[in-house]
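To start, the structure under review is shown below, and the notes come after it.
The values are calculated or read from the model by the stated rules, or taken from the named source; none is laboratory data. Everything numeric here is computed off the predicted structure, so don't read it as measured data. Using ideal geometry, Cβ is built from the backbone for each residue, glycine included, and neighbour counts are taken over all protein chains shown.
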Amino acid sequence: MALNHMIDTDDNTIPARLRYFLIKRGFELMAIIAFSAIVVAALSLASWSVADPSLNHATGTMPQNWLGTAGAILADQLIQNLGLSSLPFLFIPLKWVMGLFTHQWPDNPKRQILSWLGATIAFGVFASCLSVPDSWQLASGFGGNLGDVLGGLFLSILAIGMKGFVAKFLVASLALASFLWLTSQALAIGTLPAMPARQHKKPIRTMETKSARSSKSGQTLLSSITRIFESFKRSKGAAKPARRQGQRNLSLDESSETEGDDVL
């Protein structure tokens, strides 16, 4: 008789535990790369100086930036184009980095990346509405070139029916509210699903399942025998009154025949 043995198989060539291990190491590697980039940009901004050489400022002096010429160029591009909005541009992804270190993944990466960029732009528009002091050493405002362009566009549209201060206050309020909402959307983080249990194409029949199946079969057989026995008892009990009734009818027939013979 051929035996149908169960084969222990997995859906993928790589075992589930090894796959989960590689996924966690991949999260940690992405976190290290992103954290390193944020630290480099933050150090370059922290040591930014308007006198350092950059792409649009040629000078023969040595850069004062902590990261040298490369750091001076990076800081100058961030300050000129983003202004103060370079802060949310750098520190919102820091929350994602912390999540990656703890093996967490954003719920919706595309939506959160778009929210991150939108929050950066919104903060730039808000910063462009602020008054620039005389000590500010750049031609652009606090929002950088991007914030100044977009903020000026919104102000020119609202200036048709509003005065300058009211229009600027409205743009600043809407930009700040948009920044707060987009930031909350960008920082939403979910957890990595738990490691899936080891799956098999065919279940393994262990001794426990065999014994449970045998016990269940025994209980089913016992209940069937019990039902048969009870039905037999009921049928036997119902046959006794019928037999007695038949004997009575037979005796009545015999007595009637006897009376008929006597009459004849």
- Message: Cβ-Cβ distance below 7 Å, separation of 6 or more or different chains: which pairs start in region 58-82 with a residue that is within 9 Å of SER47 (Cβ to Cβ) and end on one that is aromatic (Phe, Trp, Tyr) and surrounded by 13 or more Cβ atoms within 10 Å (Cβ to Cβ)?
- Response: ASN65/TRP48; ALA75/TRP48
- Note on the structure: If we ask which residues in region 49-77 are among the hydrophobic types (A, V, I, L, M, F, W, C) and touching a Leu at 6+ places or on another chain (Cβ under 8 Å), their number turns out to be 6
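If I ask for residues that are within 32 Å of the chain's Cα centre (by Cα) and under 10 Å from GLY83 (Cβ atoms), which ones from region 120-140 would you list? Lay out the reasoning, then the answer.
To start, the set of residues in region 120-140 that are within 32 Å of the chain's Cα centre (by Cα) comprises 120-126.
PHE123, GLY124, listed by residue number.
Yes/no matrix, rows are residues, columns are (1) among the charged types (D, E, K, R); (2) surrounded by fewer than 19 Cβ atoms within 10 Å (Cβ to Cβ):
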position: THR61; (1), (2): no, yes
position: GLN64; (1), (2): no, yes
position: THR69; (1), (2): no, yes
position: ILE73; (1), (2): no, no
position: ASP76; (1), (2): yes, no
position: GLN80; (1), (2): no, no
position: PRO88; (1), (2): no, no
position: MET98; (1), (2): no, yes
- Across region 102-119, what is the number of residues that are of a type in the set (Phe, Trp, Tyr) and over 12 Å from the mean Cα position of the chain (by Cα)? 1
- Message: Can you confirm whether GLY147 is in a helix (DSSP H, G or I) and either touching a residue at least 40 places away in the same chain (Cβ under 8 Å) or over 11 Å from VAL171 (Cα atoms) (or both)?
- Response: yes
- Would you check which residues across region 160-188 are surrounded by 14 or more Cβ atoms within 10 Å (Cβ to Cβ), of a type in the set (Gly, Ala, Ser) and over 15 Å from SER85 (Cβ atoms) and list them? ALA167
- Message: Against the conditions (1) closer than 30 Å to GLU28 by Cβ; (2) modelled with pLDDT under 90; (3) surrounded by fewer than 16 Cβ atoms within 10 Å (Cβ to Cβ), where does ASN56 fall short? Just the number, please.
- Response: (1)
- Take region 14-37 and flag every residue that is among the small types (Gly, Ala, Ser) and more than 17 Å from GLY99 (Cα to Cα). ALA16
